[in-house]
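The values are calculated or read from the model by the stated rules, or taken from the named source; none is laboratory data. Just so it is clear, the model here is predicted, and its values are computed rather than measured. Don't worry about glycine lacking a Cβ; one is built from the backbone with ideal geometry, like all the others, and counts go over all protein chains shown. Remember, those area values only see protein heavy atoms, side chains included, never the ligands or the DNA or RNA. Shrake-Rupley method; radii C 1.70, N 1.55, O 1.52, S 1.80 Å.
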Amino acid sequence: LRRLDHFRREGVSNLSHDLRSPLTATAACLETLELRFAAQAARDDGRRLLDMALRNTRNAARLVRSLGDLAQLDEPQFALRLEQLDVAELLGDIALRFAPRASAQGVRLWAEAPGDPPARAELDIELFERAVANLVDNALKFCPAGGEIALAARRVDGQVQVSVRDSGSGIAEGEQPHLFDRFYQSRQSVAPATGEGGKG
């Protein structure tokens, strides 16, 4: 069973690695065509098809990258790279990264200012940023124009509590027990803000 599990992880990791290059090259070609078509009104039909192809290629690339990350996290020898920092400051950086997209969608996105005492914690910055970015990305998919998303980190009973709150449609109570099931997706709602799907 251990050999089979190792083979599975290695296979997923190799597949992810092998698929990244052609997807990156395809996306680059499509982006070049997009620039060429931008100023040509006669190319409107082609540009719509191009937009769809580019969007799907980017989604496939994100999925392939996620599979590679998942294989890495499943490795028995995987270890967190812990650093101590003020979590509230890190949330501020994440909010800035998503600010242009939030503004384009008419959504107010902000991070609460660092408090006193600071919300310091020891964490793996890369993985923490990815986790919070996934939550913000999901919130933006479901938050309608005029909505809001708030990030906060507070000290509570000697620990740091992190929250990502939004005014979107929420998750049905019956779906909540499955929140941490791998690849689970609620099928009772769609993302009205963007029409994008996800990977669960």
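Considering only DSSP beta bridges with both partners in the chain, what is the antiparallel share in %, to the nearest 5? Beta bridges within the chain, antiparallel portion: roughly 75 percent. Can you compute the label reach from LEU70? Point 7 Å from Cα along the Cβ direction, backbone N cut-off under 16 Å, restricted to region 13-41. The answer is 13-20, whose backbone nitrogens lie closer than 16 Å to the label point. Here, region 20-132 has an Rg and a Dmax of 19.5, 60 Å when only alpha carbons are counted. Averaging the Cα positions of each part gives two centres, and for region 110-179 and region 1-54 these lie 30 Å apart. In a DSSP loop and with at most 15 other Cβ atoms within 10 Å, the trypsin sites (Lys or Arg not before Pro) in region 9-113 are ARG81. Taking every alpha-carbon pair under 8 Å whose residues sit at least 6 apart, region 1-146 reaches a relative contact order of 24 percent.
For region 100-145, a crude dipole built from +1 on the beta carbon of Lys and Arg and -1 on the beta carbon of Asp and Glu, taken about the Cα centre, is about 340 debye to the nearest 20.
Listed options for Cα extents along the principal axes in Å are (1) 62, 52, 35; (2) 75, 50, 31; (3) 50, 37, 37. The value calculated from this structure is the one marked (1).
Exposure here means at most 15 other Cβ atoms within 10 Å; with chymotrypsin sites (Phe, Trp or Tyr not before Pro) in a DSSP loop as sites, the longest stretch of the chain lacking them is 79-179.
Shape summary: region 22-87 maps onto an equivalent ellipsoid whose semi-axes, from the alpha-carbon gyration tensor, are 38, 15, 9 Å in decreasing order. Probe radius 1.4 Å, ligands and nucleic acids ignored: give me the carbon and sulfur share of the accessible area of the chain as a rounded percent. Taking all protein chains in place, the chain shows 54 percent carbon and sulfur surface.
For GLU173, the solvent-accessible surface computed with a 1.4 Å probe is close to 150 Å², ligands and nucleic acids excluded. FRET efficiency for the pair ASN134 and ALA42, taken as 1/(1 + (r/R0)^6) with r the Cβ-Cβ distance and R0 = 45 Å, rounds to 0.65.
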